[in-house]
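The values are calculated or read from the model by the stated rules, or taken from the named source; none is laboratory data. Just so you know, these numbers come straight off a predicted model, no measurement behind them. Every residue, glycine among them, receives a Cβ derived from its backbone with ideal geometry; neighbour counts consider all protein chains shown. Note: areas computed on protein heavy atoms with side chains; ligands, DNA, RNA excluded. Shrake-Rupley method; radii C 1.70, N 1.55, O 1.52, S 1.80 Å.
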Amino acid sequence: MLDLKFIRENPDLVRRAIRDKKAPDHLDELLGLDSRRRAVIGEAEALKHERNVVSQQIADAKKAGREAADAIVAMRAVSERAQSLDIQLREIEEQILHWQLRIPNVPHPDCPVGDESQNREVRSWGRKPALAFTPAPHWELGQKLGIYDGVAGTTVAGSGFFVLRGAGARMQRALINFMIERHVANEYVEHRLPYLVTAKTMQGTGQLPKLAEDMYHIESDDLWLIPTAEVPLTNLRAGSVLPAGSLPLRSVAYTPCFRREAGAAGKDTRGMMRVHQFDKVELVKIVEPETAESELETLTADAEAILQALELPYRVRLLATGDLSFAGAKCYDLEVYATGVDAWLEVSSCSMFTDFQSRRMDLRVRPKDGGKPYHPHTLNGSALALPRTMIAIWENYQTDKGSIRVPEVLIPYMGGLEEIA
RNA sequence: GGAGAGGUGGCCGAGUCGGCUUAAGGCAGCUGCCUGCUAAGCAGUUAGUGGGGAAACCCGCUCCCGGGUUCGAAUCCCGGCCUCUCCGCCA
């Protein structure tokens, strides 16, 4: 979230961010509450000061063996008044937090202003495959080869779930291993993480309160299924002050991701393109504020390196303000081209969040030379989302015989298998 | 799930019948001073957060969290969370 003081001092900037991100505008309520809060604090603290002084006098009087009944009676009234102001204050602060949690991060000036039509392609890599036959979509390929089973997924879990089998399952596992090992070689520390997290954790990275409808909630234990490894991975040190010199922290984790996809019915739903559960390898960085922008570039490059190694054509798009996530300040989407569905599929979003998330999750770092602890900057990016990456592999590496060649770099991870037939 | 113990400052650790404890003492750190015997001595200093102020500085809050009792709570009462030990259960 944004610092209250920052909001107070930059209302125009914040209002523009709200508008550019198409968020509901409750800035005036918030600013009104903020000034009320400060008025109440002033009054309450004056009373508390009086109470403290007089209580001390009462203590001194009693020690000297004198009576202090008058002062006690007087302080009873003061204390009651202070208490009722405290109750008011608590209510005001609850409301402030309520709105504060709903104000989006301010987009970086690099971001094009506007809706998704303003997303700007910043570069592309590779060529669309030139096949001498009509390419099949992945669900046809997978079904014929017996490596993809949509029906079985529906049987056990309902629509939006799928099953991989044999070489299909193995390729998924190979991709996960391949990606993690590449990132570990780039000094990301591998993690295994909880897939269920508390509401507080969801709030820390910004999924709650806004995205409650898009996530699975376990009512009996009030836990939430993670929609991305970003959530647990970024929150690992929430609520703490890191020792000086802790940064940068670079982490990688593979987790399944769970998304209700409420309201997305009928859109890109064939095959594995949009499902309720998918695997993903995620990168998270926690860095010094000054280095955040260059860390975003290297993070994006690390994700791109996977696509390049797999020889999959892709394009990089800088998201416009209206397409940015709630917490994001700047974001590159990586879209891989899949020839069977003839579409650019989003396989990664690489974002920087400035101090928006670290403030929400109360993560700070102690400065080297004393002074106040400060909020580090956080970043994350998928590298990569699995099903869509695999869709691109199946479709782009398909042969006229209906088989799928295994990308060179994956062969060692597939036990030497070169073709799925 | 059952029984017990416990949660105090960067760390260890005290806190008596509620007031003189933001908090003793020790360690670590920092700053001076001193010293030829140095894994030494002396003095001072070292939290976070909120409000006010141009600033110096003043004030509030914080002894796991939230309530309560009280003029006043680290200290008493209630609820919650977490940690540890033992038992049970379990992949």
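Listed values, structure above:
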item	result
Cross-link pairs beyond the 32 Å C-alpha cut-off, checked among A:LYS285/A:LYS372; A:LYS5/A:LYS48; A:LYS5/A:LYS285; A:LYS144/A:LYS330; A:LYS5/A:LYS200	A:LYS144/A:LYS330
Cα-based reach from A:LYS21 at 13 Å (exclusive), listing aspartates and glutamates while leaving out same-chain residues under 8 positions away	A:ASP115, A:GLU116, A:ASP323
Chain A, relative contact order [Cα under 8 Å, separation at least 6], %	20
Mean separation of Cα contacts under 8 Å (6+ apart) over length of the range A:117-252, as relative contact order %	18
Most to least accessible of A:PHE161, A:PHE258 (protein chains only, probe 1.4 Å)	A:PHE161, A:PHE258
Apportionment of accessible area to carbon and sulfur, the range A:1-62, percent (1.4 Å)	50
Residue-level accessible surface for A:GLU140, protein heavy atoms, 1.4 Å, Å²	90
Peptides A:215-228, A:169-182 ordered by average Cβ neighbours within 10 Å, highest first	A:169-182, A:215-228
Accessible-area order (highest first, 1.4 angstrom probe) of the listed residues A:HIS183, A:HIS375	A:HIS375, A:HIS183
Accessible solvent surface per residue of chain A, calculated while the other protein chains remain in place, 1.4 angstrom probe, Å²	48
Relative packing of peptides A:282-291, A:62-71 - highest average C-beta neighbours within 10 Å first	A:282-291, A:62-71
Cut-off under 5 Å, modelled amide H: who pairs with A:VAL341 long-range	A:HIS138
Three-way shape label, chain A, alpha-carbon gyration tensor, a/c 1.5	prolate
Under 14 Å from A:LYS128, Cα to Cα: aspartates and glutamates that are on another chain or at least 8 residues apart	A:GLU311, A:GLU335, A:ASP342, A:GLU395
Mean separation of Cα contacts under 8 Å, 6 or more apart, over the residue count of the range A:79-167: relative contact order %	13
Chain A: calculated mean residue ellipticity at 222 nm from DSSP helix runs of at least 4, using -39500 (n - 2.57)	-13000 deg cm²/dmol
Dipole moment magnitude, nearest 20 debye, chain A about Cα centre, only Lys, Arg, Asp, Glu C-beta charged	460
